[in-house]
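Asker: A single structure is presented below for examination.
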2 protein chains.
Amino acid sequence: MIVYKEIAELNKRFPLLNEEKILLGTDGSVTNILEILFEGDCKVETINQKIVDNTNYREVILKVNNIPLVYAISKTPFKNIEEENLREEIKRDLLSADIPIGKIIRKHNLETRREIKFIGIEKVDERLKTLLKTNYAQLPKRTYNIIYKNKILMEITEVFCIRGKLK
Amino acid sequence: MIVYKEIAELNKRFPLLNEEKILLGTDGSVTNILEILFEGDCKVETINQKIVDNTNYREVILKVNNIPLVYAISKTPFKNIEEENLREEIKRDLLSADIPIGKIIRKHNLETRREIKFIGIEKVDERLKTLLKTNYAQLPKRTYNIIYKNKILMEITEVFCIRGKLK
């Protein structure tokens, strides 16, 4: 996938803010960009957590200054975490509910890369509108993998809800 | 350094665009963000290259659609490149003049991290104004390290010249 072309195409049928384009396409930390744009510490609110097929599923809202900005679903396969011989402290952080992945990576100085799999649009249902405190019917969305030692540490899907909330 | 606080402070004395704030603070690829914002392939134009104290210095301009957007100086210590046992092809790309570092990292699937050392302002002299095709007297600037296997692969200083050029 050539990321900037994918975003340019999406922008034709669903006009995007520059800030949204960057969030959709960055291979850096989303937490970090949210903190920069909204000038505050990024917090995680866990909506749901379950373990299915040896994978840890989490549904969270990322907030800065108590404003909900991103709805995210993450899938963390236990197998890869075990195989990577990660330190116990890192495993605990990865499976714990309340630290954004960008902060975990920074805290432990992990060298990683991110691989974007999908960029598109989410139809926002009533539940999501309530969670994100928005009335927009459609929002930009992407799915990517965080890769560590050539294995997928986490697959993350994010729905960005910054429109109408930026300074 | 808490990146978002540093940027918020700078923004008080030198008002920044959101796109500039993100470029100053991201731990992801700058090339990638330039391509997303300006919808084109990011090219490197080398202004200068020299070897001093076993370090490869390069002075470059990053361009998209032939618009100069970033002035960058990179320092690549040969010692770390040798010690890391990087494949010959990667070494060649790192020391060659014409591939942006973000693309080298992606091309070879390198797992890295970036550590920001400094965020501030550059007084733009006449030479830089000509190189960047701008009349702004001051532009945002940062210095960061790209770290691979816990060693500094490259130290990069970037002056961002996107104001007046964004869509």
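The values are calculated or read from the model by the stated rules, or taken from the named source; none is laboratory data. None of the values given here were measured: they were computed from a predicted structure. Each accessible area value is taken on the protein alone, full model and side chains, heavy atoms only, with ligands, DNA and RNA left out. Shrake-Rupley method; radii C 1.70, N 1.55, O 1.52, S 1.80 Å.
Asker: Let me see the pair-distance distribution of the range A:70-167: every alpha carbon pair, 5 Å bin width, integer percents in order.
Answerer: 2, 12, 21, 20, 16, 13, 10, 6, 1
Asker: Follow-up. Given B:K63/B:K91; B:K103/B:K141; A:K91/A:K117; B:K12/B:K107; B:K103/B:K167; B:K91/B:K133, which pairs have Cα atoms separated by over 29 Å?
Answerer: Pairs exceeding the cut-off: B:K12/B:K107; B:K91/B:K133.
Asker: Where the centre of each part is set by its Cα atoms, how far does the range A:1-48 sit from the range B:1-58, in angstrom?
Answerer: A separation of 17 Å, based on Cα centres.
Asker: Mean residue ellipticity at 222 nm from the helices of chain B, using -39,500 (n - 2.57) per DSSP H segment of n ≥ 4 over the full residue count, to the nearest 500 deg cm²/dmol?
Answerer: Rounded to the nearest 500, the figure is -9000 deg cm²/dmol.
Asker: Then there's this: Can you divide the C-alpha Rg of chain A by 2.2 N^0.38 Å and report the result to two decimal places? Could the numbers behind the result be given before it?
Answerer: Values: Rg = 15.6 Å, N = 167, 2.2 N^0.38 = 15.4 Å.
In units of the 2.2 N^0.38 Å rule of thumb, it is 1.01.
Asker: With θ taken as phi - 60° and the coefficients 6.51, -1.76 and 1.60, list the Karplus ³J(HN,Hα) couplings across the range A:137-144 in order, rounded to whole Hz; mark glycine and proline as x.
Answerer: Couplings: 7, 9, 9, x, 8, 8, 10, 8 Hz.
Asker: Would you mind getting the accessible area per residue of the range A:90-167, heavy atoms of the protein chains only, 1.4 Å probe, in Å²?
Answerer: It amounts to 46 Å² per residue over the range A:90-167.
Asker: Residue separation times 0.36 nm, minus the C-alpha to C-alpha distance between A:I2 and A:T130: what's the value?
Answerer: Here the segment from A:I2 to A:T130 would lengthen by 42.7 nm.
Asker: Under the rule of at least 5 residues apart or a separate chain, name every residue whose amide H is placed under 5 Å from the amide H of A:N56.
Answerer: Correct list: A:T76, A:F78.
Asker: Need the full-extension length gain, A:F118 to A:N150, defined as separation in residues times 0.36 nm minus the C-alpha distance. One decimal, nm.
Answerer: 9.6 nm
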